[in-house]
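Before any comments, here is the structure.
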Amino acid sequence: MDSNNSIVVLKEVTKQFRYQGSVVSALSGVSFSLSKGTTVAITGMTGSGKTTLLNIIGALEKPTSGEVWVDGVPVHTLADRKLVDYRRSKVGFVFQLYNLLPGLSALENVELPLELGGLGAKPRRERARRCLELVGFPPERYRHRSNYLSGGEQQRVAIARALTNDPPIILADEPTGDLDPETSQQIMRLLQGLARDQDKTIMLVTHSDTIAAWADTRLRINQGTTERY
Ligand SMILES: Nc1ncnc2c1ncn2[C@@H]1O[C@H](COP(=O)(O)OP(=O)(O)OP(=O)(O)O)[C@@H](O)[C@H]1O
Ligand SMILES: [Mg+2]
């Protein structure tokens, strides 16, 4: 793949953690590039480095060595004070357990990152509604508190929240891990639609072969490196 057309490019990325005096090598030379508007499943055994990989692309962790390019930005060179801006504009995070604030409504949860970004009340509400529309969340539930929503509904809200700043990349760590097979498929259809229609690049971690089969590309992490399969 021509790395000039790629939205995500990793070159020889390594990550070592120091833990109680010993060194854990989580990634030991990961290189790949991903095209815009595709879905990518990351698989691998527990402890193989899947979350570490997403965290490095999302700049929640720094690589020990190597290069990470996202939408033309050399993330590995960014100073700490630039990372907040990078995260806000380039990546949206979705987690297995949604991480919604239970006391807030669906709409308020989606508005939150926009509020933190300093957007005024009216445009904030409009943008949040637009994002909930994009993920097919039922309008009659916008005002429902998120802890009274089903798992599938909560995951839609979490995906809407990841879309608020219109990032080119969505990083999803086991987004269907807590859902039944039918609901998982609905979420996968939704993520695929976002890749096709909104040109988002979606990287999702999964333990399920069925979910991985939905993705355009599959990357398996094994012994600290990735292979396509
Ligand atoms: N902050 C940390 N400090 C020390 N070691 C860490 C840290 N984070 C991760 N590790 C280690 O790095 C390796 C990769 O962890 P990671 O969480 O990326 O795995 P994973 O593939 O996401 O696993 P799972 O499928 O269980 O979520 C593991 O050996 C883990 O113990
Ligand atoms: Mg993990």
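Being in contact with a strand residue (DSSP E or B) (Cβ under 9 Å, 6 or more places away or on another chain), under 30 Å from Glu115 (Cα atoms) and more than 16 Å from ligand 2 (Cβ to nearest atom) is not true of Val13. The set of residues in region 1-25 that are in contact with an Asp or Glu (Cβ under 9 Å, 6 or more places away or on another chain) and surrounded by 15 or more Cβ atoms within 10 Å (Cβ to Cβ) comprises Ile7, Val8, Val9, Leu10, Lys11, Val13, Lys15. Scanning for something without any contact (Cβ under 8 Å) to a residue 60 or more places away in the chain and either closer than 18 Å to Lys200 by Cα or within 13 Å of ligand 1 (Cβ to nearest atom) (or both), does region 26-35 turn up at least one residue? Looking through region 26-35, at least one residue is without any contact (Cβ under 8 Å) to a residue 60 or more places away in the chain and either closer than 18 Å to Lys200 by Cα or within 13 Å of ligand 1 (Cβ to nearest atom) (or both).
Inclusion of Thr38 among residues that are modelled with pLDDT of 95 or more, within 17 Å of the chain's Cα centre (by Cα), within 30 Å of Glu153 (Cα to Cα) and open to solvent by less than 40 Å² (accessible area, probe 1.4 Å) is warranted.
Of all residues in region 59-85, those being surrounded by 14 or more Cβ atoms within 10 Å (Cβ to Cβ) and within 11 Å of Val8 (Cα to Cα) number 7. Strands (runs of 3 or more DSSP E) fully within region 131-229 that include at least 3 residues being open to solvent by less than 40 Å² (accessible area, probe 1.4 Å): 169-173, 201-205, 217-222.
Within region 39-54, residues that are in contact (Cβ under 8 Å) with a residue 12 or more places away in the chain reach partners that are basic (Lys, Arg) and crowded, with 23+ Cβ neighbours inside 10 Å with beta carbons closer than 6 Å, at six or more positions or on different chains, in the pairs Ile42/Lys50; Gly44/Lys50.
The values are calculated or read from the model by the stated rules, or taken from the named source; none is laboratory data. Nothing here was measured: the structure is a model prediction, and the numbers come from that model. Virtual Cβ from ideal backbone geometry, glycine too; neighbours counted across all protein chains shown. Just so you know, the surface numbers come from the protein's heavy atoms only, side chains and all, with ligands and any DNA or RNA stripped out. Shrake-Rupley method; radii C 1.70, N 1.55, O 1.52, S 1.80 Å.
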